[in-house]
Each structure stands twice: as C-alpha cells, then as structure tokens.
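Take a look at the structure set out below.
The values are calculated or read from the model by the stated rules, or taken from the named source; none is laboratory data. This structure is a prediction, so every number in the text was calculated from the model and none was measured. Note that we place each Cβ from the backbone using ideal geometry, even for glycine, and neighbour counts take in every protein chain shown.
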Amino acid sequence: MATTACFIIVSRNDIPIYEAEVGSAAKREDAAQLHQFILHAALDIVQDIAWTTSAMFLKAIDRFNDLVVSVYVTAVFCRYISYNLIFSLTTSLHTRLMLLHDSRNDDGIKSFFQEVHELYIKVLLNPLYLPGSRIASSHFDTKVRALARKYL
Amino acid sequence: MAPVAPRSGDAIFANVERVNAELFTLTYGAIVRQLLTDLEEVEEVNKQLDQMGYNIGIRLIDEFLAKSNVARCVDFKDTAEVIAKVGFKMFLGVTASVSNWDADGTCCSIVLEDNPLVDFVELPDTCQGLYYCNVLSGVIRGALEMVSMKTEVTWVRDMLRGDDAFELQVKLLKQVPEEYPYKDDE
C-alpha cells in the first residue's frame, strides 16, 4: 500500500464533492491542506489535457517533489438544454477523479479509478442524491477505502 | 378444502407487458425526489406516497382480478397468500412470503427479500424518516378496500434503514359486508 495517497472527486462545477486521505503514512497536520492544494493546482492542467485526448485515464500529469497526480476523467456529463451547454463548454464538462500518490503502480491506479468510477455511477443513480452535491454516503466511503487498500 | 388456483404468479408474469427494471426504478425514484422537493416535509411525503399507492391500488385490483383468475379467497389468510405469491409476482416480479400470524388470523407480515424499487437507493441523513416504498402499503390498502376489506398497512422492517428485509404488517380492521347498491323503491 502507498504511504501517501489522497483521493478527491471534483464535480463538473469544479467543486470537490468527495475527499479521502487513503495513505498509510502517519498523518501530518498540514498534509491534508498541502494535498488539497496540489490537487487543486493540477485542475487547470487536467482541463488542457482532457481536450487533447480521448483517454479517460491520464497518468502522472503533474508532480510536486515525490508526489504525483493522476486523473481519471469521466465521460461528458451532458446538460440537456443547449444554451447551458454553450456556457458549460467554456468551463468543463467532466467529473474528475483525482489521486495524489507516491507509488508507481500504474495498473493498480488505473484499476482503482475504474472501480471507483463504477461506485460513483451507483451514487449518481441514487434518486435521493443530487448530482454535484457532496457525497456523504458512508457506504461509498468504506468501499473507496477498501479499494485503496486493495490497489494502491 | 381444495386449494385455490393459481398459487403463483409466474405464468401471469410471463405474459404481461414489462418495462426495463432500471427505467421503472429510476422513474419511481424521480417521483419520490420530486415529492421531497415539493413537499419538503418527510412526513408529508410518506402520506402522499401512501395516497398515491391507494389510488393505484383501487384501480390495480381490477386488472389483478381480470388477469389472475384467482378464485374467491375463503379467509384473510388466503388473501395474504394470494397478495404475496400472485400479486407481488405479477406486478413487481418478486415473490414475498407471509409470516407472523397473530392468534385470531387478522394480522400478518408480508416479507420482501428483494425489492426492485430500492435498487441504487441509499437514504441520506436529510430523509431519515422516509418510508421510501410507502407506495406499496398504499397499493395493498387500496386494493383490499375494493374487495371489502378495511386494512391498516404499516412498515415494520425496511432495508434502507439497515434491516435485513422489507416487512409490511397488514392488519385486517373489518370486513365490510357487500351491499346491494339499489334500494327497492328507487
């Protein structure tokens, strides 16, 4: 298991809707803020790259010392009204799963993203969940942490 | 006494028109979601779902009787079995079981192990008092009322609240005698 790993999901409005520190390293007090800072700083890079490739898994797009940022961009989350589409095209249409990690296990990270993506779809299908709102489900949290232990 | 035929809804279920399960689940979810937005109070949503179920039930019973060919039920026990085995199978595609009879045979539990309405659903903290499937209790109440049985249907167990199954308690309040609708002098 990776010593440092921070996982967040960013909604299409650039709002973080889920965050988890899943590394095994002893927690430093400022670590959470630092990780958040690095991940948020990488958002612009994600946006640039996402338009140039059709791949969903973007590995190691940014680094900070020994920490690496990998991203999994979900497919276009369409809005149905056309004038909305024009506006939202200027920002971003994707939900992004972002992982900050120090391991080099690309296959594991990819599998992790794919399985979390499936969990995220299940959350989206819950009629009582409002898309774009915070994911408060403890079930989801437990599953994500289990996946992190398995793959990272 | 000879058992009343048929005892399972499989044959009828195979012949009725069906819709995609996810379409069905998500449509119901959208209704509940909208009710929560419109009514704001969880209690009100429960009431409204029950009322909607009642309105479905009083119509659904006709379709049920027309398609299922069940013979007249001899007692309430018989009725509960038919609801669980034929009714649920015919309209939801699942089979329920009947248990927990009380001594005088007027109160029992219908237990659903599997419920297509709640696929994907997880109750968030803001809707803790919600009986998500309250429409089902309304359907049973409405349907039984049309065959002259006043009942009270309540949820005892709910998987969304962490129980291991769905359990509906059906209590027979009174049997309304059938009335001849015309008076002699009219």
Item to complete: Just name the residue that is nearest to the other protein chains (Cβ to nearest Cβ) out of those in region B:4-20 that are in a helix (DSSP H, G or I) and out of contact with any Lys or Arg (no Cβ under 9 Å at 6 or more places or on another chain).
Response: B:ALA14
Fill in: Residues located in region A:132-152, provided they are in a helix (DSSP H, G or I), buried (at least 18 other Cβ atoms within 10 Å of the Cβ) and within 9 Å of another protein chain (Cβ to nearest Cβ)
A:PHE140
Worksheet item: Of all residues in region A:96-131, which are closer than 20 Å to A:ILE49 by Cβ and within 14 Å of another protein chain (Cβ to nearest Cβ)?
Response: none
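Conditions tested, residue by residue: (1) within 14 Å of chain A (Cβ to nearest Cβ); (2) over 15 Å from the mean Cα position of the chain (by Cα); (3) among the β-branched types (Val, Ile, Thr).
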{"residue": "B:GLU22", "(1), (2), (3)": "yes, yes, no"}
{"residue": "B:GLY29", "(1), (2), (3)": "yes, yes, no"}
{"residue": "B:GLN34", "(1), (2), (3)": "yes, yes, no"}
{"residue": "B:VAL42", "(1), (2), (3)": "yes, yes, yes"}
{"residue": "B:GLY57", "(1), (2), (3)": "no, no, no"}
{"residue": "B:ASN69", "(1), (2), (3)": "no, yes, no"}
{"residue": "B:ASP75", "(1), (2), (3)": "no, yes, no"}
Worksheet entry | Residue under evaluation B:MET146, criteria (1) modelled with pLDDT under 90; (2) surrounded by fewer than 18 Cβ atoms within 10 Å (Cβ to Cβ), criterion not met | (1)
Practice prompt. Find the residue count for region B:44-55, including only residues that are among the acidic types (Asp, Glu) and under 15 Å from the mean Cα position of the chain (by Cα).
Written response: 1
Discussion item. Could you check region B:92-133 and list, in sequence order, the residues that are of a type in the set (A, V, I, L, M, F, W, C), at pLDDT 90 or above and more than 22 Å from B:MET52 (Cβ to Cβ)?
Written reply: B:VAL98, B:TRP101, B:CYS107, B:CYS108, B:VAL111
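So in region A:14-56, with the set limited to residues that are of a type in the set (Asp, Glu) and over 22 Å from A:ARG149 (Cβ atoms), which one is nearest to the chain's Cα centre (by Cα)?
Quick first cut of region A:14-56, residues of a type in the set (Asp, Glu) only: A:14, A:19, A:21, A:29-30, A:44, A:48.
Within this subset, residues satisfying the condition of being over 22 Å from A:ARG149 (Cβ atoms) are A:14, A:29-30, A:44, A:48.
Values: A:ASP14: 11, A:GLU29: 22, A:ASP30: 21, A:ASP44: 14, A:ASP48: 16 Å.
Here the answer is A:ASP14.
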